[in-house]
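Worksheet: the structure to be examined is printed underneath.
Bear in mind these aren't lab numbers, they're just calculated from the coordinates by the rules spelled out. If you're wondering where the values come from, they're calculated on a predicted model, not measured in any experiment. Neighbour counts run over all protein chains shown; Cβ positions are idealised from the backbone, glycine included.
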Amino acid sequence: TKVANLGQGAFQNCTAMETVGFYNKNMLGIKAMAFDSCISIREVTMAYNTIMYIDSCAFHNCHNLTKITLPASISKSIGPSAFEGCTALDSVTALMETPQAFGKDAFKNISPTCVLTVPYGKKTAYIAAGWTEEVFKGGVRELIPAGINAVKADRKKSDIYYDLQGQRVTLPQKGKIYIHDGKKIRTE
């Protein structure tokens, strides 16, 4: 079956549901109040990168929800009060390259230690869009690139070094690890 949207109030007040998974490649959004007051939900998985919006009160008062990853596909909105009252929510990972402003009180009354993690190099853009430490009191952090183990270059030149994030380094520092001639080395 091809479901594009999870209907308004679809599971509202369901107290038995502990996990929610979105595994439909055609799912475009989560309508208003879809999981409002589902007090037993602990985990939400959005497996495919197709969800474009989360409407108002979609996860309102899901008191046991501890973490959520918002997919890169969210390009329309996170509605007012979408996660309001998720008092255990202490980890939000937002993967959108271009953050959207979220609706009023979307993250009101979440855990006072909630940490927001955003893509590397996007912290400033998120803060400008309202994703601030006033909302995410545990702080706003960037995903650290996992790094690289090897670099293959078309030309070989013995003075070319790369750091573990793949950036070319002009003056390598002693005792640091770099990629040089396609191999991981520690400079001396």
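What to note about this one:
- Listed residues LEU116, ILE51, THR98: farthest to the positive end of the dipole of the chain (Cβ charges): THR98
- Residues whose amide H falls under 5 Å from that of TYR161, counting only those 5 or more places apart or on a different chain, are VAL169, with hydrogens built in the peptide plane.
- Once the Cα-Cα distance is subtracted from the 0.36 nm per residue extended length, the ALA88 to ASP163 segment shows a gain of 23.2 nm.
- Distribution of pairwise C-alpha distances over the range 52-131, 5 Å bins, in %: 4, 17, 26, 30, 17, 5, 0
- Converting phi to 3J(HN,Hα) with the Karplus coefficients 6.51, -1.76 and 1.60 and the offset θ = phi - 60°, the range 81-94 yields 6, 3, 10, 4, x, 7, 5, 9, 5, 10, 8, 10, 10, 10 Hz in sequence order, with x at every glycine or proline.
- Fraction of antiparallel bridges per DSSP, the chain only, in percent to nearest 5: 25
- Across the chain, the mean sequence separation of Cα contacts (distance under 8 Å, 6 or more residues apart), normalised by length, yields a relative contact order of 12 percent.
- Shape of the range 101-141, Cα gyration tensor, a/c cut at 1.5: oblate
- Gaussian network model of the chain, Cα within-10 Å springs - most flexible of ARG42, ARG168, ARG141: ARG168
- Shape of the range 1-120, Cα gyration tensor, a/c cut at 1.5: rounded
- Net charge dipole size for the range 29-86 [Lys, Arg +1 and Asp, Glu -1 on Cβ; Debye, nearest 20]: 120
- Summarised as an ellipsoid, the range 31-188 has semi-axes of 40, 15, 14 Å, derived from the eigenvalues of the Cα gyration tensor scaled by 5 and square-rooted, with the largest first.
- Simple Cβ-charge dipole of the chain, Lys/Arg +1 and Asp/Glu -1, about Cα centre, in debye nearest 20: 860
- Label positions at THR113 and ALA125, each projected 7 Å from the Cα along the C-beta direction, are separated by 3.1 nm.
- Under-5 Å amide H pairs with ILE110, H placed in peptide plane, nonlocal only: GLY85
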